[in-house]
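A quick write-up on the structure given underneath.
The values are calculated or read from the model by the stated rules, or taken from the named source; none is laboratory data. Predicted, not measured: the structure shown is a model, and the values here were computed from it. Cβ sites come from the backbone with ideal geometry, for glycine too, and all protein chains shown count toward neighbours.
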Amino acid sequence: MKRYCLVLAVAWVLAGCANPAQEPRSAGEFHSFPAPPLPVPSTDTAAPLQPDPLFSRLLSRLAANPGIKFVLLRAGTFLMGSTADEADRGTDEGPQTRVTLTRNYFLSVTDITQGQYEAVMGTNPSDFKMVGKDAPVENVSWNDAMAFCQKLTKRERAAGDLPPDCAFTLPTEAQWEYACRAGTTDAYAGDPAQMAWYGDNSGGKTHPVATKLPNAWGLYDMTGNVYQWCLDWYGKYPGGEVKDWAGPATGKAHVLRGGSWYYSETYCRSAYRDFDPGFVGNIMGFRVALTIP
């Protein structure tokens with residue numbers, strides 16, 4: 001199966017539908033050695049928090065313009081990756097690693113939409129403009145997503161609402177999976193048919209965000225609709241127990257998570273991983289994170 005070129009989604013638009021040019025892989029190229037079973041951590045304290053008053057004005061501004069809302073997630077511990085017997089598992093989803101996130105962080109409630117992207121960047125690169133401004137922005141590279149984060153950071157610092165030691169960025173892969181699972185340990189964080197737009201129910205296009213059910217922590221479209229860029233370079237999991245896992249120091253491609261409107265339900269599994277070496281396609285979007293020091 002093709003793994004390296006998951007999303008050479010050079011889009012052609014014909015009769016309102018666009019098709020990625022290549023298929024993603026079904027199993028990773030990295031060999032994973034078995035790891036001893038790890039205890040499943042308690043998620044009792046992992047529920048979203050109430051935002052610190054320090055950020056109240058910032059959150060209000062962002063909700064008004066460009067319309068981005070956030071959930072504040074509590075630091076916690078979870079098992080990253082999938083069990084050896086999970087159906088459709090890729091070899092790069094192991095060894096399962098017990099990851100502790102030591103800092104609370106904000107994560108946008110939805111993918112960044114076409115309207116939000118245009119409000120910050122002044123342009124809309126999406127193929128599916130006909131879906132509307134509330135559809136997720138797509139056709140964005142990792143660099144495009146980071147440029148959005150940097151411009152949003154600059155804007156909010158200039159307004160005096162963002163502390164100097166804080167910056168908007170993409171979530172790490174660990175932050176993404178922790179948020180996607182929302183305390184669950186099964187292959188899916190819920191019923192994909194009710195929570196995600198994927199190949200069997202999307203009609204060959206993206207859909208406005210937050211039109212399916214959210215996960216247990218109030219996050220929409222964590223899977224399906226568009227793949228989401230993560231901050232990390234793609235690499236093998238370390239196994240054992242780690243804190244604030246953020247991938248290897250260098251690499252050739254960045255991580256993509258969550259599946260998309262084009263691919264099947266199995267790509268909506270919480271542990272499913274993919275990567276892209278720099279191509280851009282209409283199945284690729286992102287959401288924004290803000291880690292609290």
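General observations
- Looking only at residues in segment 212-245 that are without any contact (Cβ under 8 Å) to a residue 60 or more places away in the chain and either among the β-branched types (V, I, T) or exposed (fewer than 15 other Cβ atoms within 10 Å of the Cβ) (or both), the one that is farthest from T100 (Cα to Cα) is L213.
- Number of positions in segment 131-142 that are closer than 20 Å to A196 by Cα and surrounded by fewer than 24 Cβ atoms within 10 Å (Cβ to Cβ): 5
- Number of the condition not met by V209 [criteria: (1) assigned to a strand (DSSP E or B); (2) hydrophobic (A, V, I, L, M, F, W, C); (3) surrounded by 18 or more Cβ atoms within 10 Å (Cβ to Cβ)]: (1)
- Residue in segment 275-287 that is nearest to R89 (Cα to Cα), counting only those that are buried (at least 24 other Cβ atoms within 10 Å of the Cβ) and touching a Pro at 6+ places or on another chain (Cβ under 9 Å): I283
- For segment 143-169, a tally of residues being exposed (fewer than 14 other Cβ atoms within 10 Å of the Cβ), in a loop (DSSP other than H, G, I, E, B) and not acidic (D, E) returns 3.
- Segment 126-147, residues that are more than 22 Å from E173 (Cα to Cα) and free of Cβ contacts under 8 Å to residues at least 60 places away in the same chain: K129, K133
- Test: residue in segment 246-253 that is buried (at least 21 other Cβ atoms within 10 Å of the Cβ) and in contact with a strand residue (DSSP E or B) (Cβ under 9 Å, 6 or more places away or on another chain): no
- Sole residue being in contact with an Asp or Glu (Cβ under 7 Å, 6 or more places away or on another chain) and either at pLDDT 95 or above or not basic (K, R) (or both), chosen from T83, T123, T110, T77: T110
- Subset tally (residues that are within 17 Å of M222 (Cβ to Cβ) and either in a strand (DSSP E or B) or of a type in the set (D, E, K, R) (or both)) for segment 250-262: 3
To keep it simple, each residue is scored yes or no on (1) within 26 Å of F279 (Cα to Cα); (2) touching a residue at least 12 places away in the same chain (Cβ under 8 Å); (3) of a type in the set (S, T, N, Q); (4) out of contact with any Lys or Arg (no Cβ under 8 Å at 6 or more places or on another chain).
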site	(1), (2), (3), (4)
E86	no, yes, no, no
G90	yes, yes, no, no
V99	no, yes, no, no
L107	yes, yes, no, no
T113	yes, yes, yes, no
A119	yes, yes, no, yes
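- Of the residues making up segment 263-285, those that are out of contact with any Gly (no Cβ under 6 Å at 6 or more places or on another chain), more than 15 Å from R181 (Cβ to Cβ) and not in a helix (DSSP H, G or I) are D274, F275, D276, P277, G278, F279, V280, G281, N282, I283, M284, G285.
- Some residue of segment 56-67 being assigned to a strand (DSSP E or B), of a type in the set (A, V, I, L, M) and buried (at least 17 other Cβ atoms within 10 Å of the Cβ): no
- Verdict on R98 being basic (K, R) and surrounded by 18 or more Cβ atoms within 10 Å (Cβ to Cβ): yes
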